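Take a look at the structure set out below.
The values are calculated or read from the model by the stated rules, or taken from the named source; none is laboratory data. Predicted model, so just to flag it, every value in this text is computed and none were measured. Don't worry about glycine lacking a Cβ; one is built from the backbone with ideal geometry, like all the others, and counts go over all protein chains shown. For accessibility, only protein heavy atoms count, side chains too; no ligands or nucleic acids. Shrake-Rupley method; radii C 1.70, N 1.55, O 1.52, S 1.80 Å.
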Amino acid sequence: MDGKERSVERRGLLEVILAMAFAGSSVVVGKLLAARVPVFLSVELSLCAALLAILPAQVARRRELRLLGRRELGYMLLQALFGIVLFRAFTLYGLHFTSALSAGIITSAAPAIMAVLATTLMRERLGAGALAGLALSIGGLLAITLWGLDPGAGGGSLPGNLLVLAATVCEALLTIFRKRSGGRIGSVTNTTVLVAMSAALMLPFALWDLRGFALSQIDAVAWLSILYYGAVATVIAYVLWGHGALRIPAARTGIATAALPVTAVVLSALVLGEPLRPAHLAGGVTVIAGIIVSNL
């Protein structure tokens, strides 16, 4: 790999890390929403906010839509179904039964899941640096998982934890389907189509939620959370991820997803006041070290 290719890959890695950090913040926002708005309705409203936020940028790129064929649309539908609809539904339902801190820790499975999918579905080989980085990342996240919980505070119910784990698998599949789509369109157009598809898929369920819930019941905190979830945790995060994920191997993308649980754990402590123990900090530092080592 020459200097130019390495520079492109490093930039892609940074973009994915930032995207995952924004995604990690969505766990905390999701916890706020889960207590205020029905799951499907909150997802639909956040997707509408995302669509309004990204449409101005999409207008200048409208010609890219002509590049979408059946293959691309098929993979984009899978991205929308798994990476947005199911990911958010599983996460928000899971947050009804478990804490944001526990949810953030459970997402520590993302690097391992991504590495397994990259080797089995995409037949990518892990180099020495990637293996070392993966080992460090998983080691740090295991430290958080095994020693970072306060037994007296409650680690979350089994159903809630399993739902968040299912969301983590969906998140990993999103990257696989994005790389399989071929990357013929830019990340802005990719995000716009994904959001539009997801909003269409979610609409019937959101309308069902509206049968027993009035929009007037949504308070200021919930509306701000919906806007953040749509404009930042969706538009900015997915544009960064969609651009960066095509420039690095899927296994390395999986290592970068370690930024999601670290961000979720830190923000759970700062915003929600959930207990942050020294093991969380030590594990976070180890995860960051794994990301750096994997890019050497």
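Solvent-accessible surface of protein heavy atoms, probed at 1.4 angstrom with all chains present, puts ILE185, ILE236 in the order ILE236, ILE185, largest first.
Which order do the peptides 52-61, 14-23 take when ranked by the mean count of other beta-carbon atoms within 10 Å per residue, highest first? Each step should come with its number before you reach the end.
Details: 52-61: 14.1, 14-23: 22.7.
Result, highest mean Cβ count within 10 Å first: 14-23, 52-61.
Here the label points at GLN217 and ALA60, each 7 Å from Cα along the C-beta direction, are separated by 4.2 nm in the simple model.
In the chain, the portion of solvent-accessible area held by carbon and sulfur atoms comes to 69 percent [1.4 Å probe, whole percent, DNA, RNA and ligands not counted]. Max-minus-min Cα coordinates of the chain on each principal axis give 56, 55, 28 Å, with the largest extent listed first. Each residue was assigned an accessible area with a 1.4 Å probe, and for THR91 the value is about 10 Å². Relative to the Cα centre, the charge distribution of the chain, modelled as +1 at Lys and Arg Cβ and -1 at Asp and Glu Cβ, gives a dipole magnitude of about 960 debye.
Can you give the helix-only mean residue ellipticity at 222 nm for the chain, where every DSSP H stretch with n ≥ 4 adds -39500 (n - 2.57) and the sum goes over all residues, rounded to the nearest 500 deg cm²/dmol?
Values: 14 runs with 212 residues, N = 296.
Calculated mean residue ellipticity at 222 nm is -23500 deg cm²/dmol.
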